[in-house]
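The values are calculated or read from the model by the stated rules, or taken from the named source; none is laboratory data. Being a predicted model, the structure only gives us computed values, none of them experimental. Glycine also receives a Cβ, built like all others from the backbone with ideal geometry; neighbour counts cover every protein chain displayed. Surface accessibility is based on the protein's heavy atoms, side chains included, excluding ligands, DNA and RNA. Shrake-Rupley method; radii C 1.70, N 1.55, O 1.52, S 1.80 Å.
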Amino acid sequence: MNFKEQITEILSFAVKKLGIDESGLAVSFSNRPELCDFQSNFAMVVAKSMGFKPFDVATKIVESVNSEEFQFSAVMPGFINVKVSNKALSNFAEFVAKDENCGVEQVKNPKLIVFDYGGANVAKELHVGHLRSPIVGEALKRLHIAMGDKTISDVHLGDFGLQMGLTILQLHQDGFLDKFFAKDADLSELKLENVTLDVLNEEYPKASKRKDEDEEFKKLADTYTLYIQQKKEPYFSIYNKIRALSVAEIEKNYNLLNATFDVYLGESDAFPFIEDAINIFVDKKLARESDGALVVDVAREGEHIPIEKKSDDEPQRYKNPMPPAIIKKYNGGDLYATTDIATILMRNKEFNPDEIVYITDNRQSVHFEQVFRCCKLSGISPENQKLTHVAFGTMNGKDGKPFKTRAGGVVKLKDVVNMLVESASAKLAENGIVGDSELARRIGVGAMKFGDLSNTVAKDYVFDMEKFLSFDGKTGPYIQYTIARINSLLAKGEFKGGNVVVENADERNIVLALVKLISSYQIAYDTYSLNSLCLSTFDLASAFSTFYNNHKILTETNSERKQSMLALCSLVKACLEKALWTLGIDSVEKM
Ligand code: ARG
């Protein structure tokens with residue numbers, strides 16, 4: 001049930017009857033809601049070529065339209081305005097109330113889509129830069145589920161890179177691993193003693209700093225990394241133990257954010273596919289050697305054109321840079337691009353998805369463009385498979401610069417969550433609710449997520465905790481609060497179930513807001529951005545507030561009327577909850 005389509009159909013019937021070419025006929029939501037609900041500027045588009053005044057064409061069309069559900073009128077200079085009848089709105093409300101998807105239209109040909117987000121790196125602490133990927137990724141995945149696609153979410157851990165070699169080398173040198181390196185050590189029996197997350201959080205940064213200053217150390221770390229990748233002992237056993245420790249912590253953090261993954265695979269799982277992947281490029285003569293490395297030229301015409309140097313010491317620059325993808329390093333080591341290409345090969349063998357969607361920050365845009373082009377050139381990704389990179393902007397502090405601690409350091413992801421939960425607790429305490437830490441988490445994290453997703457994904461935005469956590473305004477807590485309020489209404493009003501009968505302007509506005517909310521799922525789907533869904537969710541909550549303030553629901557004496565109003569409340573609740581679920585935000589019973 002879709003008003004826009006119904007209205008378009010009615011208009012197109014009328015237009016054809018008049019002998020006018022209907023191509024270009026479009027109906028949109030009204031931008032003058034006080035005058036009408038939908039509008040079309042079709043008459044203005046076609047009038048000129050017909051040699052008539054737009055208003056006269058609009059009038060002619062309106063005169064030949066026949067509908068009980070919609071009221072059409074022609075207005076100057078040539079718009080066709082459409083008002084939906086109360087009856088049609090009541091029917092729509094009933095349809096949504098009965099529909100298992102709350103009216104959200106399902107895709108015609110469901111696809112299988114792999115969502116690659118999270119991307120935490122084993123042995124490295126999650127920080128604020130890791131917030132957006134699980135927030136945006138989880139919401140996009142749920143959006144696709146809500147619309148009927150099949151999805152597989154993969155956290156794609158960074159679990160096989162240099163950071164592992166660095167960490168193990170540092171632990172080794174600091175004496176944490178002596179037992180593992182002892183002669184005749186029984187690796188199956190050994191436990192990582194004294195190696196806690198806190199230790200890892202110290203050892204990795206220490207090693208990372210050292211590698212920039214100490215060439216020998218860096219070389220040794222490269223060797224350790226290679227040993228891990230070759231599954232050499234005791235490196236591989238140590239690696240597995242560190243991985244398990246770290247992954248448990250990563251999972252805990254993602255759970256706090258409601259980011260859940262179907263598979264906890266990582267770069268290491270793609271490792272067995274690397275050789276095959278590289279051979280494909282070599283066999284198809286797509287790879288060439290360059291300074292001992294193996295590269296694939298992915299630039300297209302007009303890209304990566306050298307700009308003439310003004311002097312010899314100036315570095316070489318390129319017009320439209322699209323550098324070749326390096327798939328094997330001079331020392332034979334494999335690279336980020338290679339792992340991603342091998343991962344696509346693996347996913348296609350194991351899942352054969354119609355689309356793979358990656359959610360990372362926009363600094364990885366060139367990387368993914370290279371990877372995608374490599375996979376298309378080589379046929380590793382079939383022609384009809386869609387590869388999508390959703391690149392998000394930076395989360396900034398109020399100073400407009402990337403969010404930092406007061407001392408200028410990197411903020412841990414855990415600390416951001418704690419901050420949100422504490423602030424939410426304080427707000428709840430103001431309302432007399434104390435000691436409910438799960439409720440505070442739902443509100444605090446919900447506030448963060450709604451604040452994030454309200455922006456176009458690609459844009460940088462400012463992390464403004466007070467604003468995000470406000471119980472009033474375009475915020476997550478406001479939506480949760482609306483639901484809590486409805487819960488209390490439904491309990492006190494003894495809702496018995498029944499239909500919505502739309503009678504007044506406030507009720508009309510609610511159902512029209514619902515129509516818009518439902519259509520915003522498709523907009524979010526098409527744009528890979530949830531801002532439209534956030535906004536229309538807020539608009540529905542806000543239309544509900546107006547209705548709630550203007551009508552005395554609980555003291556209504558006409559019981560049919562009261563039940564109809566409660567039915568509307570219950571419908572709003574279901575649709576708000578569905579929208580929050582899609583955004584990856586928890587609803588709350590009370591607050
Ligand atoms: N681990 C990577 C990082 O920290 C993110 C992984 C994103 N996904 C991918 N398939 N490359 O930057």
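Observations on the model:
- Per-region count, the range 182-222, residues open to solvent by 60 Å² or more (accessible area, probe 1.4 Å) and part of a helix (DSSP H, G or I): 12
- When every residue of the range 149-160 is checked against the conditions, at least one turns out to be of a type in the set (Asp, Glu), modelled with pLDDT of 95 or more, within 13 Å of the ligand (Cβ to nearest atom) and closer than 30 Å to Asp460 by Cβ.
- Of the listed requirements (1) within 16 Å of the ligand (Cβ to nearest atom); (2) polar (S, T, N, Q); (3) surrounded by fewer than 14 Cβ atoms within 10 Å (Cβ to Cβ), Thr360 misses just one: (3).
- So Asn499, is it among the polar types (S, T, N, Q), more than 20 Å from Gly400 (Cβ to Cβ) and at pLDDT below 95: yes
- Residue count for the range 66-108, restricted to those that are farther than 30 Å from Arg561 by Cα and under 30 Å from the mean Cα position of the chain (by Cα): 3
- Which numbered condition Thr260 misses (of (1) more than 22 Å from the chain's Cα centre (by Cα); (2) touching a residue at least 60 places away in the same chain (Cβ under 8 Å)): (1)
- Residue in the range 118-130 that is away from the ligand (no atom under 16 Å from the Cβ), touching a residue at least 40 places away in the same chain (Cβ under 8 Å) and over 30 Å from Cys569 (Cα atoms) present: no
- The residue that is nearest to the ligand (Cβ to nearest atom), among those in the range 375-390 that are open to solvent by 20 Å² or more (accessible area, probe 1.4 Å) and either within 18 Å of Gly129 (Cβ to Cβ) or without any contact (Cβ under 8 Å) to a residue 40 or more places away in the chain (or both), is His389.
The rows are residues; the columns are (1) in contact with a Gly (Cβ under 9 Å, 6 or more places away or on another chain); (2) farther than 30 Å from Ile326 by Cβ; (3) of a type outside the set (A, V, I, L, M).
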{"site": "Tyr358", "(1), (2), (3)": "yes, no, yes"}
{"site": "Val366", "(1), (2), (3)": "no, no, no"}
{"site": "Lys376", "(1), (2), (3)": "no, no, yes"}
{"site": "Asn384", "(1), (2), (3)": "no, no, yes"}
{"site": "Leu387", "(1), (2), (3)": "no, no, no"}
{"site": "Val390", "(1), (2), (3)": "yes, no, no"}
{"site": "Arg406", "(1), (2), (3)": "no, yes, yes"}
{"site": "Val421", "(1), (2), (3)": "yes, yes, no"}
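- Scanning the range 363-374 for residues that are crowded, with 16+ Cβ neighbours inside 10 Å and within 12 Å of the ligand (Cβ to nearest atom) yields Gln364, His367, Phe368, Gln370, Val371, Phe372.
Conditions tested, residue by residue: (1) polar (S, T, N, Q); (2) in contact with a helix residue (DSSP H, G or I) (Cβ under 7 Å, 6 or more places away or on another chain); (3) modelled with pLDDT under 95; (4) surrounded by fewer than 22 Cβ atoms within 10 Å (Cβ to Cβ).
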residue	(1), (2), (3), (4)
Phe392	no, yes, no, no
Phe403	no, yes, yes, yes
Gly409	no, no, yes, yes
Val416	no, yes, yes, no
Ala424	no, yes, no, no
Leu439	no, yes, no, yes
Ile443	no, yes, no, no
Lys449	no, yes, no, no
Asp472	no, yes, yes, yes
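- Test for Ile359: is it of a type in the set (A, V, I, L, M, F, W, C) and more than 28 Å from Lys459 (Cβ to Cβ): no
- Ala277 in a loop (DSSP other than H, G, I, E, B), farther than 21 Å from Ile359 by Cα, open to solvent by less than 60 Å² (accessible area, probe 1.4 Å) and not charged (D, E, K, R): no
- Some residue of the range 140-148 being among the aliphatic types (A, V, I, L, M), open to solvent by 10 Å² or more (accessible area, probe 1.4 Å) and away from the ligand (no atom under 16 Å from the Cβ): yes
- A residue that is out of contact with any strand residue (DSSP E or B) (no Cβ under 6 Å at 6 or more places or on another chain), β-branched (Val, Ile, Thr) and open to solvent by 40 Å² or more (accessible area, probe 1.4 Å) cannot be found anywhere in the range 485-497.
- Residue, farthest from His389 (Cα to Cα), within the range 305-349, restricted to residues that are surrounded by 14 or more Cβ atoms within 10 Å (Cβ to Cβ) and charged (D, E, K, R): Lys329
- If you go through the range 75-116 and pick out every residue that is farther than 25 Å from Leu25 by Cα, away from the ligand (no atom under 16 Å from the Cβ) and in contact with a Ser or Thr (Cβ under 8 Å, 6 or more places away or on another chain), you end up with 2.
- The residues of the range 238-250 that are touching a helix residue (DSSP H, G or I) at 6+ places or on another chain (Cβ under 7 Å) and either within 14 Å of Thr167 (Cα to Cα) or open to solvent by 50 Å² or more (accessible area, probe 1.4 Å) (or both), listed by number, are Ile238, Tyr239, Ile242, Leu245, Ser246.
- Among helices (runs of 4 or more DSSP H) entirely within the range 478-591, having at least 1 residues that are in contact (Cβ under 8 Å) with a residue 40 or more places away in the chain and over 33 Å from the mean Cα position of the chain (by Cα) singles out 531-550, 559-583.
- Qualifying residue in the range 117-128 (condition: open to solvent by less than 10 Å² (accessible area, probe 1.4 Å), in contact with a Ser or Thr (Cβ under 7 Å, 6 or more places away or on another chain), of a type in the set (A, V, I, L, M) and closer than 24 Å to Asp354 by Cβ): no
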